[in-house]
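Right, one structure below, let's go through it.
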Amino acid sequence: MTLSYYLALSGLLFTIGLFGVLTRRNVIGILMSIELMLNAANINFVAFNRFLYPGQYAGQLNAIFIITLAAAEVVVGLALVMAIYKNIKSVYVEDYNILKG
Amino acid sequence: MLEYVYILPLLSFAVAGLILAFGRWLPLKGASAGILVAAWGFSQGLMLFVKAIQGTITLPYEMSIPWFSFGGNQATLGVYVDGLTIAMLIVVTAVSLLVQIYSTGYMHGDPRFKRFYCYLSLFTASMLGVTLTNNMMVFFMCWELVGVCSYLLIGFWFEKQSAAYAGKKAFITTKLGDLGFLVGLMVLFYATGTFEISKIQELAHAGMIPAAAAGAAGILMFLGAAGKSAQFPLFIWLPDAMEGPSPVSALIHAATMVAAGVYMVARLYAVYALSPIAMDTVAWTGAITAFMAASLALTCFDLKRVLAFSTVSQLGYMMMALGVGGFTAGMFHLTTHAYFKALLFLAAGSVIHAVHTNDMREMGGLRHKMPITYITFLLGTLALCGIPPFAGYFSKDEVLAAALARNPVLFAIGAMAAAMTAFYMARALVMTFHGKPKDAHKHDHAHESPAVMTGPLILLGAVSVVSGFVLTRHEMFEHLVNFEGALPFELHHVNHSAVALFSSIVAALSMSLGVWLYKARPDIPAACRETFSPIVNMLEKRYWLDAFFLKLVDIGDSLSRFMFSFDFNFLDQIAIDGWAWLTLKLSKIQGWLDDHVVDAALNATGTITMSAGRMARLAQTGLVQNYLLFVAIAVSIFAAIAFAG
């Protein structure tokens, strides 16, 4: 098992996440895709830490930090979605177009 | 009392205003105020005269207050009194007084009676200003005021077309001369640096004025005098001025205003004496005028015009006297002439008042109807003709003697004029008062004038008889009025008695001839008119001087018409309108440029900005996913670049 496999997995996850963010119509789906991209980053951190600096913990620490952050983000994100839904009565992002120029 | 002499003109001015404003409520509609002031002025003049003769006042007296300053010069306002002033002062106030008294009768019932007296007072004030001022600037102002009064009074009966025209003619003709006066005054100021008469005299006596400047100033100012004193060729206005009321003719156009020109030359005699050319100009103009005017009077049938031509002729005499160096003679003639000519005019006015015509052919035989007028007219005639011992004899004799002393030719012209004077006055006298009445109706209605009119006549008649005799006693007049400077030429010695004898014989002969011809043989003058019709025609056309001036006006007229057409057709049409057309075209081009280039550039900027904005709007979809896509693409590109670098 080499670093490349991890990086490939992480890249795949990130790409799937990005694809989901850009293409999902449902705002909940977008939030879930963001989770995927964050976890891709976590895998990167942990993998680099494991293979390049085995005796140290900076990568792991960062991963834990990001997990915490992701939890907080979901909280805020879902709250925002609730608030928007109350106003616009829709969960589809194409209806969120009040910023149109 | 010299200290208060300045009040005279001021008071007269005030009275003119008073009569204009409150005349309606004053006794005699304001005439009383004018008469009172004139009487007071006359008494002042007389007292000054007596004191000057006695030598109890020192002359010349000058008093002035500063008026205004210009450049480094100070103009003053004040009075200058010497013998000349006093002589003129008496003439002005005396004639003014008598004329104003006379006019209460003559102008009785005239609808503009009040205005007449206002004008008379204004005239008297202006004339006193001319007489008394110490400053040529004020002199000129009063001189012009006098001209204005003359204009107003000639045209007093302006309902009559001819009177209105005569006023205009007088004003314009004298203005022509005044232009010369003004220029002369400037030359004089340039040469002396002052307007004050006493300083000009001082400089002239000291020889500080260059002869050329003095000559130029003298001749130019003489133009003004020629206009006002009716000298050749500007005398054409005076006969027409007879359209005015007779008292006006007596006051203004016989005694005072027309003498202003002579007075001016006398006032600046020191300047004239510096230049022989100026003196000769004055002398010859005077002589020509005297002769011409006397000849014109020969064929005239209008009583007042005969007297007017006679006035012109006598003014020519005065000018000639001044020009030949006879300063005292000229001023003496001015003084005596003022009285007897005023008398003649007032007497003529009395006749006209009675018969309501000026034409001598409609008069005749009036001596029984109007004895006082006849006697006084006779006295005036004798004085004018120079029959001893009347006033004119003394003064005219001195003028002729002065002329002979300078130049025998001038003397000959003067003597011929004197002969003609005696002849035409005899003719006028006979035609008016003697013979059979030619118009029975007018003769029947004629009557002697009231006492207010005959009174002044009698007074003036008395003065005409005695003034020459009295004023020559102990050389009284010569002590008062004489010229102390040097003359620019030598004078011959003249036997005064011979000249006097000669002139009185000539006058007496000529007068008898006139009386005989018109009384006993009126057919001879009529035959002469036939025989010498070209000459008579020339005289009746007044030597074509009127035609000459009219031609001059015509030339000026056509010149201005030409100028007008040049202005209208060329300057206006081509230059001005052309310029406007060009400007219009240019502005059209500019307008097009503005619309299509400048504005287009501005609009293009706006349009480009707007379409850029419109395009940029397309990116702002409002869909967050689109924005994110852009971010992703951008990051990818940057990442690619980073890796490639």
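The values are calculated or read from the model by the stated rules, or taken from the named source; none is laboratory data. None of the values given here were measured: they were computed from a predicted structure. For neighbour counting, all protein chains shown are included, and Cβ atoms are generated from backbone atoms with ideal geometry for every residue, glycine included. Surface areas here come from the heavy atoms of the whole protein model, side chains and all, with no ligands, DNA or RNA. Shrake-Rupley method; radii C 1.70, N 1.55, O 1.52, S 1.80 Å.
Here are a few things to note about the model shown:
- Most tightly packed first, judged by the mean number of other beta-carbon atoms within 10 Å of their residues, the peptides B:591-603, A:26-38 read A:26-38, B:591-603.
- Apportionment of accessible area to carbon and sulfur, chain B, percent (1.4 Å): 71 percent
- GluC sites (Glu not before Pro) restricted to the stretch B:460-535 and DSSP loop, no more than 15 other C-beta within 10 Å: B:GLU484, B:GLU490
- C-alpha center-to-center spacing [the stretch B:166-181, the stretch B:321-352] in angstrom: 22 Å
- Estimated 222 nm signal from helices in chain B, with DSSP H stretches of n ≥ 4 weighted -39500 (n - 2.57), rounded to 500: -24500 deg cm²/dmol
- Per the Debye calculation on the stretch B:351-499 with a single equal scatterer at every Cα and no solvent contribution, log₁₀ I(q)/I(0) for q = 0.10, 0.11, 0.14 Å⁻¹ amounts to -0.48, -0.56, -0.80.
- Net charge over other residues, Cβ less than 14 angstrom from the Cβ of B:ILE65 (K, R count +1; D, E count -1): -3
- Accessible surface of the stretch A:3-92 [probe 1.4 Å, protein heavy atoms]: carbon and sulfur percent: 74 percent
- Accessible area in square angstrom per residue, the stretch A:15-101, 1.4 angstrom probe: 67 Å²
- Candidate membrane-span-like segments in chain B, meaning DSSP H helices with Cα atoms spread over at least 27 Å of their own axis and a Kyte-Doolittle mean of 0.5 or above, are B:31-54, B:83-106, B:113-132, B:161-192, B:276-297, B:303-323, B:327-355, B:408-433, B:451-472, B:496-519, B:545-565, B:624-644, with no membrane implied.
- Three-way shape label, the stretch B:103-193, alpha-carbon gyration tensor, a/c 1.5: oblate
- Spatial offset of the stretch B:477-503 relative to the stretch B:364-411 amounts to 20 Å, using the alpha carbon center of each.
- Chains B and A together bury roughly 900 Å² of accessible area, counting both sides, with a 1.4 Å probe on protein heavy atoms only.
- Given +1 at the Cβ of Lys and Arg, -1 at the Cβ of Asp and Glu and no other charges, the dipole of the protein assembly as shown around its Cα centre is 1400 debye to the nearest 20.
- Convex hull volume of the protein assembly as shown per residue (C-alpha atoms, cubic angstrom): 368 Å³
- Under the combined filter of DSSP loop state and at most 13 neighbouring Cβ atoms within 10 Å, the stretch B:149-221 retains these GluC sites (Glu not before Pro): B:GLU159.
- Test item: B:624-631 mean partner chain Cβ contacts at 10 Å: 4
- Compactness relative to 2.2 N^0.38 Å, alpha carbon Rg of chain B: 1.46
- The three principal axes of the Cα atoms in chain A give end-to-end lengths of 52, 23, 23 Å, sorted in falling order.
- Residues losing 10 Å² or more accessible surface upon assembly, the stretch A:57-101, compared with the chain by itself, 1.4 Å: A:VAL93, A:GLU94, A:TYR96, A:ASN97, A:LEU99, A:LYS100, A:GLY101
- 11 Å beta-carbon shell around B:TYR117, net charge (K/R +1, D/E -1): +3
- Shape category assigned to the stretch B:400-483 from the gyration tensor of Cα positions, a/c cut at 1.5: oblate
- Protection proxy ranking for B:24-37, B:434-447, using the average of other Cβ atoms within 10 Å per residue and placing the highest first: B:24-37, B:434-447.
- Rolling a 1.4 Å probe over the protein heavy atoms gives chain B an accessible area of 43 Å² per residue.
- Partner chain coverage, peptide B:205-215 - average Cβ within 10 angstrom: 0
- Mean-position separation - Cα centroids, the stretch B:435-461 and the stretch B:68-104, in angstrom: 34 Å
- Prolate/oblate/rounded label for the stretch B:173-309 (Cα gyration tensor, a/c 1.5): prolate
- Highest-first arrangement of B:384-395, B:608-619, A:49-60, B:105-116, where packing means the average Cβ count within 10 Å: B:384-395, B:105-116, A:49-60, B:608-619
- Working from Cα pairs under 8 Å separated by at least six residues, relative contact order for the stretch A:3-92 is 30 percent.
- Calculated mean residue ellipticity, 222 nm, chain A: -27500 deg cm²/dmol, from DSSP H runs (n ≥ 4) at -39500 (n - 2.57) each, averaged per residue and rounded to 500.
- Average other protein chain Cβ within 10 Å of Cβ, residues A:18-31: 2
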